[in-house]
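A short write-up of the structure that comes next.
The values are calculated or read from the model by the stated rules, or taken from the named source; none is laboratory data. Predicted model, so just to flag it, every value in this text is computed and none were measured. Cβ atoms come from the backbone with ideal geometry, glycine included; neighbour counts cover every protein chain shown.
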Amino acid sequence: MQGIRAATGADLARLVLVGAIWGSSFLCIDIALTGLPPTSIVAGRLLLGALVLVAMLWSGGQRLPTDLRIWGLLVVIGFLNSALPFMLISWGQQFISGGRSAILMAAGPFLVVLMSHLWTQDDRLTTPKLGGMLLGFSGVILLVGYDAVFGRSESFAGQMAVIGATACYGVSAILTRHVASVPPLVNSAIVLASAACYMVPAALWIDHSWALQPAATPLLAVVWLGLFPTALAYLLRFQIIQAVGATFMSQVSYMVPMFAILWGWLFLSQVPPGRAWIALTLIMGGLYLSRRPSTITAGHDR
């Protein structure tokens with residue numbers, strides 16, 4: 001396996017680009033929801049993303065796995081890493097802004113830390129990880145608890161849906177360790193294609209998608225979602241990981257919510273309330289703390 005190298009300015013530029021693209025997905029979901037139901041949005045972005053990656057896979061002549069166990073895992077990962085979380089996020093954003101959704105999604109790494117501690121032997125909790133997880137979750141509680149206490153049931157349900165999506169990503173991250181032998185492009189193409197196989201029939205059945213007549217703007221938002229946050233960002237992510245490692249790539253977690261808030265502010269005039277900024281500060285602080293090396297508790301930081 002090829003070793004990683006030190007990150008360059010070009011790598012940092014690619015990392016920022018991925019953060020900006022993924023941050024834009026929350027804005028585009030908000031726009032797409034003005035003319036399309038959530039199931040059709042998810043089906044459209046997955047179908048477009050899968051077509052792009054499958055075409056690249058075909059043109060590159062890469063071989064598909066022959067192990068049925070690997071195929072089964074990739075199909076399950078497609079459901080947990082793409083189909084279900086995309087659906088939960090799109091459904092949840094009917095009731096909350098894209099900026100708030102992105103802040104909640106930033107708490108995802110803490111769920112991965114907890115699940116890795118419970119389900120693996122080589123990625124255990126360290127003192128910084130535990131402190132960061134507690135700090136980050138306090139930010140989530142600040143956001144979600146406000147709506148729970150004041151009886152805003154729809155907003156509360158939307159936030160819980162997004163938190164459910166982060167849990168899906170956490171489980172899929174653990175499962176992905178079992179398919180590490182599969183080349184990244186093959187992995188992502190099969191995952192997106194299998195997710196599209198779940199969601200396209202669901203959209204046809206639930207939404208009668210053939211009868212929908214959305215305006216051009218929601219359709220363009222879905223096209224953007226499929227081509228950029230779903231297909232291009234996947235490829236950039238794998239390129240960065242292969243070149244300079246997963247630890248460097250993990251820093252994108254700091255950028256996505258900031259870009260999501262920025263795009264929502266610029267294009268949809270979504271100004272976050274004061275508690276959202278406090279929650280974001282707590283979550284970002286928790287991410288920083290959880291990635292510091294520990295001198296007290298032995299463990300394997302990613």
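Does P273 satisfy the criteria of being under 25 Å from P109 (Cβ atoms) and surrounded by fewer than 16 Cβ atoms within 10 Å (Cβ to Cβ)? Explain how you work it out, then say what you get.
Numbers: under 25 Å from P109 (Cβ atoms): yes; surrounded by fewer than 16 Cβ atoms within 10 Å (Cβ to Cβ): yes.
Here the answer is yes, as P273 does meet what is asked.
Condition test on L73, is it surrounded by fewer than 23 Cβ atoms within 10 Å (Cβ to Cβ), in contact with a His (Cβ under 9 Å, 6 or more places away or on another chain), in a helix (DSSP H, G or I) and not small (G, A, S)? Before the answer, list the steps.
Values: surrounded by fewer than 23 Cβ atoms within 10 Å (Cβ to Cβ): yes; in contact with a His (Cβ under 9 Å, 6 or more places away or on another chain): yes; in a helix (DSSP H, G or I): yes; not small (G, A, S): yes.
Criteria met by L73.
I want to confirm something. Restricting to segment 192-247 and keeping residues that are in a loop (DSSP other than H, G, I, E, B) and free of Cβ contacts under 8 Å to residues at least 12 places away in the same chain, which single residue is farthest from Y169 (Cα to Cα)?
If we filter segment 192-247 for residues that are in a loop (DSSP other than H, G, I, E, B), which is where we start, we get 207-208, 212-215, 245.
Keeping just the survivors that are free of Cβ contacts under 8 Å to residues at least 12 places away in the same chain gives 208, 213.
Values: H208: 28, Q213: 32 Å.
Going through the qualifying residues, I end up with Q213.
Could you list, in sequence order, all residues of segment 82-105 that are β-branched (V, I, T) and farther than 15 Å from G264 by Cα?
Within segment 82-105, the subset β-branched (V, I, T) is 89, 96, 103.
Of everything in segment 82-105, just one residue is β-branched (V, I, T) and farther than 15 Å from G264 by Cα, namely I89.
Is there a residue being at pLDDT below 90, outside any helix (DSSP H, G or I), closer than 16 Å to W22 by Cα and among the small types (G, A, S) anywhere in segment 249-256?
Of the residues in segment 249-256, the ones at pLDDT below 90 are 249-256.
Cutting the leftovers down to outside any helix (DSSP H, G or I) gives us 250-251.
Pick out the ones that are also closer than 16 Å to W22 by Cα and you get 250-251.
Restricting the remaining residues to those that are among the small types (G, A, S) gives 250.
Taking every residue of segment 249-256 in turn, at least one turns out to be at pLDDT below 90, outside any helix (DSSP H, G or I), closer than 16 Å to W22 by Cα and among the small types (G, A, S).
Restricting to segment 94-150, name every residue that is modelled with pLDDT of 70 or more, among the hydroxyl-bearing types (S, T, Y) and surrounded by 20 or more Cβ atoms within 10 Å (Cβ to Cβ).
Scanning segment 94-150 gives S97, S101, T126.
Let's see how each residue does on (1) within 18 Å of A83 (Cβ to Cβ); (2) crowded, with 19+ Cβ neighbours inside 10 Å; (3) under 24 Å from the mean Cα position of the chain (by Cα); (4) at pLDDT below 95:
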{"position": "G9", "(1), (2), (3), (4)": "no, no, no, yes"}
{"position": "S25", "(1), (2), (3), (4)": "yes, yes, yes, no"}
{"position": "T34", "(1), (2), (3), (4)": "no, no, yes, no"}
{"position": "P38", "(1), (2), (3), (4)": "yes, yes, yes, no"}
{"position": "L47", "(1), (2), (3), (4)": "yes, yes, yes, no"}
{"position": "M56", "(1), (2), (3), (4)": "no, no, yes, yes"}
{"position": "T66", "(1), (2), (3), (4)": "no, no, no, yes"}
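What number of residues within segment 251-278 are more than 19 Å from the chain's Cα centre (by Cα) and at negative phi? Give the derivation first.
Looking only at segment 251-278, we keep the residues that are more than 19 Å from the chain's Cα centre (by Cα), and these are 265-278.
Restricting the remaining residues to those that are at negative phi gives 265-268, 270-278.
Number satisfying all stated conditions: 13.
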